[in-house]
Amino acid sequence: TAPTVTSVIPIANSTVPRNTIVQINFSEGIDPSGITGPSPALTVTQNPSTVVTGVYSIGNQYRTAEFRTTDTCGTNSCGSTIFCLAGGAAFTGKATTGIKDLAGNPLAADYLWDFSTTNSIDNTPPVITHQAPRQGDAGVSTMDPAQVYFSKEMSISSLNSQTITMPNVGYWLESSNVAGKTQVLIQHQPFQPYTGYDISVLSGVKDINQNCYSPCSCNSTDGSCGCKVPSGVCTGFNCTSGE
């Protein structure tokens, strides 16, 4: 069965801030060598014909590929470098049949889409809008995944076991974009009965515009908690800033 493209960021014919990462999501895991190899099967061209140079990354159980340029344009609130496409320009993204699934099946045909950029930069950091289980929940299923919902679409490659941690149990992340936001399911091996577990979301988590999440300690019982900026201003009920 050939893999298919399920979604892209920026979406076709949209206009986005110039610090947006290009993201393409597939129906199944793909062979990363087709993306990150010396002749990438995913390209971004500034119209009419200038191929944009940049770096590639893979995430979400090999189902998501991302591209960002190497042209710097500032820093985010965590002090990390932000990279930008040219402002006020038109681009074409292209995923070729050189992209194959893990069984060697290629895309049935090249996938192309167009988008453009503004001259602006999005510097609004993401926050967590919902989490499950909630803080202090007891009697949680030993099998159900934990859930984290973000206020924005996220860089899927930044959502990994180094940036979202759950010690003392084997786990893996499954991410998806829904209605302009990203939800993360933290799948895991069975929890031990009558045992407490902690989940941490760290500042290595970034949105699609490369803005970092600001960690906070959440004592919320309403399922929401997130820090707006590193200075410690929090949203959600009873939220305390802290790295």
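Derivation of every value follows stated rules applied to the coordinates shown; laboratory data play no part. Predicted, not measured: the structure shown is a model, and the values here were computed from it. Please note: Cβ atoms are built from the backbone with ideal geometry, for glycine as well, and neighbour counts cover all protein chains shown.
All other residues with a Cβ under 15 Å from the Cβ of P10 taken together, and with Lys, Arg as +1 and Asp, Glu as -1, what is their net charge? Don't jump to the answer; show the numbers that get you there.
Details: positive: R18, R68, K94, K152; negative: E66, D114, D122, E153, D207.
Here the count lands on -1.
Taking each residue as 0.36 nm, the span from R134 to T50 lengthens on full extension beyond its C-alpha to C-alpha distance by 25.4 nm. Counting only aspartates and glutamates at least 8 places from K181 when in the same chain, those with an alpha carbon closer than 12 Å to its own are E153, D207.
Label-to-label distance, T124 versus A89, with points set 7 angstrom from Cα along the beta-carbon direction: 2.6 nm.
Gain in length, T97 to A179, computed as 0.36 nm per residue apart minus the alpha-carbon separation, to one decimal in nm? It would help to have the intermediate numbers written out before the result.
On the way: separation 82, 0.36 × 82 = 29.52 nm, distance 2.83 nm.
Stretched fully, the T97-A179 segment lengthens by 26.7 nm.
Based on the Cβ-Cβ distance of M143 and T36, what FRET efficiency does E = 1/(1 + (r/R0)^6) give at R0 = 41 Å, to the nearest 0.05? Please list the in-between numbers first.
Working: r = 34 Å, r/R0 = 0.83.
Taking R0 as 41 Å, the efficiency between M143 and T36 is 0.75.
Would you mind getting me the FRET efficiency between N168 and S80? Use the beta-carbon distance for r and R0 = 35 Å, nearest 0.05.
Working: r = 29 Å, r/R0 = 0.83.
So the FRET efficiency works out to roughly 0.75.
The Kirkwood radius of the chain, taken over pairs of alpha-carbon atoms, gives through the Stokes-Einstein law at 10 °C and 1.306 mPa s a diffusion coefficient of 84 µm² s⁻¹.
Distances over 19 Å make up what percent of all Cα-Cα pairs in segment 14-133? Can you show the working numbers first?
Values: 3720 of 7140 pairs.
The share of Cα pairs beyond 19 Å in segment 14-133 comes to 52 percent.
What is the Rg over Rh value, at two decimals, for segment 120-162, using alpha-carbon atoms and the Kirkwood definition of Rh?
On the way: Rg = 13.9 Å, Rh = 12.8 Å.
Result for segment 120-162 is an Rg/Rh of 1.08.
Placing R0 at 41 angstrom, the Cβ-Cβ distance between I199 and T1 gives a FRET efficiency of 0.75 after rounding to 0.05.
Please give the calculated 222 nm ellipticity per residue for the chain, where each DSSP H segment of at least 4 residues contributes -39500 (n - 2.57) and the sum is spread over every residue; nearest 500 deg cm²/dmol? Mind dumping the intermediate values first?
Working: 1 runs with 4 residues, N = 243.
Helix-only estimate at 222 nm: 0 deg cm²/dmol.
Cross-link partners for K100 among the aspartates and glutamates, with Cα-Cα distance under 14 Å and sequence neighbours closer than 8 places in the same chain left out: E28, D31, D110.
Quick check: convex hull of the Cα atoms in segment 162-216, volume per residue, rounded to a whole Å³?
On the way: hull volume 5.6 nm³, N = 55.
Cα-based convex hull of segment 162-216, divided per residue, equals 102 Å³.
Near I99, the amide H atoms lying under 5 Å from its own belong to L107; only residues 5 or more places off or on other chains count, and H is placed 1.01 Å from N.
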